[in-house]
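Only one structure is covered here, and it is reproduced in the block below.
The values are calculated or read from the model by the stated rules, or taken from the named source; none is laboratory data. Here the structure is a predicted model, which means the values were calculated and not measured. Note that we place each Cβ from the backbone using ideal geometry, even for glycine, and neighbour counts take in every protein chain shown. Side chains are part of the model used for accessible areas, which takes the heavy atoms of the whole protein and leaves out ligands, DNA and RNA. Shrake-Rupley method; radii C 1.70, N 1.55, O 1.52, S 1.80 Å.
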Amino acid sequence: MKIAAKAMRAALIASIVVIAVGMAHRASCQSGPSSVEQPDNYTWLEDIHGAKPMAWVNSENAKTEAWLNSDPNFAALQAKALTVLDSPDRIAFPSFMQGIIYNSWTDANHVRGIVRRTTLADYLTAEPHWETVLDYDALGAAEKQSWVGRGLTCLRPEEEICLASLSAGGEDAVTVREFSLKTNSFVENGFVLPRGKQSVAWLDKDTLLISRDWGPGTMSQAGYPITVREWKRGTPLESAKEIFRGEVTDNGYGDHATVLRDGEDHVAVILEQSASTFEHATFLQSPAGPRKLAIPLKSSIVGFLANHFILTLQEDWTPAGETTHYPQGSVLSIDYDAAKADPEHLKPTVIFTPSEREFMQAVRTTKNHLLLTTLNNVQARAYIYSLEKSGKWTRKAVPIPENQTAAVVWASPTEERFFVSLNGFINPPSLWLGNAADSSLKQIKSEKPQFDASNLAVHQYEATSKDGTRVPYFVVGPKGMKFDGQNPTLLTAYGGFQVSQTPGYSPTTGKLWLERGGVYVLANIRGGGEFGPAWHDAGLKTHRQRIYDDFYAVAQDLTTRKITSPARLGIEGGSNGGLLMGVEFTEHPEMWKAVIISVPLLDMLAFEHLSAGASWVGEYGSVSVPEERKFLASISPYNQLRKDVNYPEPLIFTTTKDDRVGPVHARKFAARMEEFGKPFHYFEITEGGHGAGADNKQRARTDAAMYTYLAVKLMN
């Protein structure tokens, strides 16, 4: 898309205005970001369920509730959001077990959802006939508990008995119960694991491998398990035998066991010691106990095919005794028998090597083939790989349209059939049934549009960051969009943990924003995985300012192109993206008219002791390291708020049930704004976990609040 010549003069004038506003802000913050730490006067809000903190929360919620209810559009937006979220026209995405299709479904009649099933032949019809297997609403009503389903883990290859994970209100901690797909009921006297942050895997029908809180000394500083125990059916849980123990300093996402089964009935037990956010040691379980596998700490076994481990590299690797160098981002295979015989000297085979712009995203396996999705300049690609008798891997490309995201919805080592979904910003999801044996792929489902996209177009641009790095971003807006700086624009990104941001169909964004004339922008900034591990690593710890500079560069590019202007520009992000919003809020308050900060990290000097914060030291650094503490102080939004700076009025959202990041960051940030006399909107819902709500009703209300706020700030 090009700027018309007659708009060039207006563009120049607008850019001068932006520069002038920026100069005014710099004058008001003469010293810029400071590493000087402010006193923390709001530690009392860290008592999440305490009477005094909850009284503060209820007071702020009441203010926001009154504001929302006073807006004539809020109720209508909430109703529209719920309609599209509960739409019966959504695709019922499948899993496929023993020739039967299973699906998890929520709607107006099943608020917390059901698990249901049908035959493949029936599923392929326009209106399948479903049989309910597990009803979470009915279970919650019977047990007087706000259950949210977290899925079924079924024992292969029979796939008849499963472990059902149940979350109270959407939190990460779950209760686990054995469930039978034969009787559609919980197994009498079956396996039951009380509530906790835990990992569980089937070893066989009478044995589980469990990581959970077993008492003092069995949990890491981050609050995740560090031991694995083997529990036999019919014995007390506390008698489970310990087979692996890590360290209390294992501050990743928990030490755990994974049981791998391929299509040839080979079984491998993997034990992972999660040393930090991105590093873990991998062990093979053997009759003699765990044996360490000599693979990099930043690598992962992501599949098991034809008696070969499928390994992805997040760092460069030259195996012991070898001369071949394998770059980060590669996908390799390792013979299991050879690894068992000598786990210290491995001879991998290359499956995929990244190029300058194409990088691996996800790997799945069928009975005899490997499915690989990649991004090529943030455009989706997909391949089917076969292991030849020679030991080499060959591939066939699966055609994927531009500006859409491809995801393998389901694949299993017991089947050659698999399901792939395609969707884009303005392309509703479609479902395709593939067969890896003959590389066939055919469309079987397409979702009806949930919003009118007939007048919308998608374009991809690039901005240049402060250090010269090219940063791509997508713009979704009207086909005849005027380049006059007046388009109400919502810019979002994530920028962390190697999470890639790709085109995706959002019914609520489409219905509540795009359909009403808004422009939506997704930035592929560093910290993500769009361009492989190096794109992520570039923003780790004290290098994190690059991420924030990338985001600001995209915003500047939007104003330079006259797509929007600071008076019409809003930003939104959640979790690590909420931290991004907080940093942009404090570093460039003059650039944004609206800022939505959702389930965020904001107090970066205290994050390590809040909820699961210690597990993210590998991403952010630690206050125990002087250089890292100084940097964290300089970017921490809670620490960088200033009384003498004019900020836009933000919308701050969190949930009490968030046991991952926790609500404390949002609370303390809002309380300091209140202390400084700065305007803000704050709301905290009780349920929802680390997200927008525990069900579609809650999500619809959250979405309506956000788009009401954006409309007031950017459209009115």
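Per residue, the accessible area of the stretch 81-164 comes to 46 Å², computed with a 1.4 Å probe over protein heavy atoms only.
The trypsin sites (Lys or Arg not before Pro) found in the stretch 372-439 that occupy coil by DSSP, while having at most 12 further C-beta atoms within 10 Å, are Lys389, Lys392. Note on the stretch 473-535: with neighbouring protein chains present and a 1.4 Å probe, carbon and sulfur make up 47 percent of its accessible heavy-atom surface. Legend: residue pairs Lys52/Lys593; Lys197/Lys292; Lys197/Lys392; Lys80/Lys479; Lys52/Lys697, Cα-Cα distance threshold 30 Å; pairs beyond threshold, Lys52/Lys593; Lys197/Lys392. A Cβ-based charge dipole, computed about the Cα centre of the chain with Lys and Arg at +1 and Asp and Glu at -1, lands at about 1660 debye. The share of C-alpha pairs in the stretch 591-651 whose separation exceeds 14 Å stands at 61 percent. For the peptides 669-678, 520-529, residues were scored by their other Cβ atoms within 10 Å and the scores averaged per peptide; the highest-first order is 520-529, 669-678.
Projected onto planes of every orientation and averaged, the convex hull of the alpha-carbon atoms in the chain covers 31.2 nm². Full extension of the chain between Arg395 and Ser355 yields a length gain of 12.8 nm, computed as 0.36 nm times the residue separation minus the alpha carbon distance.
For a paramagnetic label modelled on Ala108 (point 7 Å from Cα along Cα→Cβ), amide N atoms under 17 Å away belong, within the stretch 693-713, to 696-701. Phi angles across the stretch 551-568 convert, under the Karplus curve 6.51 cos²θ - 1.76 cosθ + 1.60 with θ = phi - 60°, into 3J(HN,Hα) values of 5, 5, 5, 5, 4, 4, 5, 4, 6, 5, 6, 6, 5, 8, 8, x, 6, 10 Hz, Gly and Pro given as x. Projected onto planes of every orientation and averaged, the convex hull of the alpha-carbon atoms in the stretch 320-431 covers 8.4 nm². Stretched out straight at 0.36 nm per residue, the stretch from Asp342 to Ala79 would grow longer than its current Cα-Cα span by 88.6 nm. Over the stretch 344-422, accessible surface divided per residue gives 44 Å², non-protein components excluded, 1.4 Å probe. Take 336-342, 75-81 and order them by the average number of nearby Cβ atoms within 10 Å per residue, most first; the result is 75-81, 336-342.
Compute for the stretch 570-694: radius of gyration divided by Kirkwood radius, i.e. Rg/Rh, restricted to C-alpha atoms, rounded to two decimals. Taking Rh as the inverse mean 1/r over Cα pairs, Rg/Rh reads 0.95. Sites listed here are GluC sites (Glu not before Pro) in the stretch 293-385 whose DSSP assignment is loop and whose Cβ has at most 13 other Cβ atoms within 10 Å: Glu322, Glu344, Glu356.
Put a dot 7 Å past the Cα of Ser34, heading toward its Cβ, do the same for Leu120, and the two dots end up 6.7 nm apart. Rounded to the nearest whole angstrom, the semi-axes of the ellipsoid equivalent to the stretch 31-166, taken from the Cα gyration tensor as √(5λ), stand at 42, 23, 17, largest first. In a shell of Cβ-Cβ distance under 14 Å around Phe531, excluding Phe531 itself, what net charge do Lys and Arg (+1) and Asp and Glu (-1) give? Taking every other residue near Phe531 into account, the sum is -1. When a 1.4 Å probe is rolled over the protein heavy atoms, the share of accessible surface on the stretch 301-394 that falls to carbon and sulfur comes to 46 percent. Other residues whose C-beta falls under 11 angstrom from the C-beta of Phe676 contribute a net charge of +1, scoring Lys and Arg +1 and Asp and Glu -1. Give the shape of the stretch 190-336 as rounded, prolate or oblate, defined through the alpha-carbon gyration tensor: a ≥ b ≥ c are the square roots of its eigenvalues, a/c under 1.5 means rounded, and otherwise the shape is prolate if a/b is larger than b/c and oblate if not. Oblate is the answer for the stretch 190-336, as a/c is 1.5 or above yet b/c matches or exceeds a/b.
Net length available on complete extension from Ser454 to Lys482 is 8.4 nm, with 0.36 nm assigned per residue and the Cα-Cα distance removed.
Summing Lys and Arg as +1 and Asp and Glu as -1 over all other residues whose Cβ lies under 12 Å from the Cβ of Ala281 gives a net charge of -2. Residues Trp56, Trp592, sorted by accessible area with the largest first, give Trp56, Trp592 [1.4 Å probe; ligands and nucleic acids excluded]. Provide the solvent-accessible area of Leu260, counting protein heavy atoms only and rolling a 1.4 Å probe, rounded to the nearest 10 Å². Using a 1.4 Å probe on the heavy atoms, I get roughly 30 Å². Placing +1 on the Cβ of every Lys and Arg and -1 on the Cβ of every Asp and Glu, with nothing else charged, gives the stretch 411-469 a dipole about its Cα centre of roughly 160 debye. Mean 1/r over all different Cα pairs, inverted: what Kirkwood radius does the stretch 468-601 give, in Å? Result for the stretch 468-601 stands at 14.8 Å. Pair-distance distribution of the stretch 126-239: all C-alpha pairs, bin width 5 Å, starting at 0; shares per bin in whole percent are 2, 11, 19, 23, 19, 15, 7, 3, 1, 1, 0.
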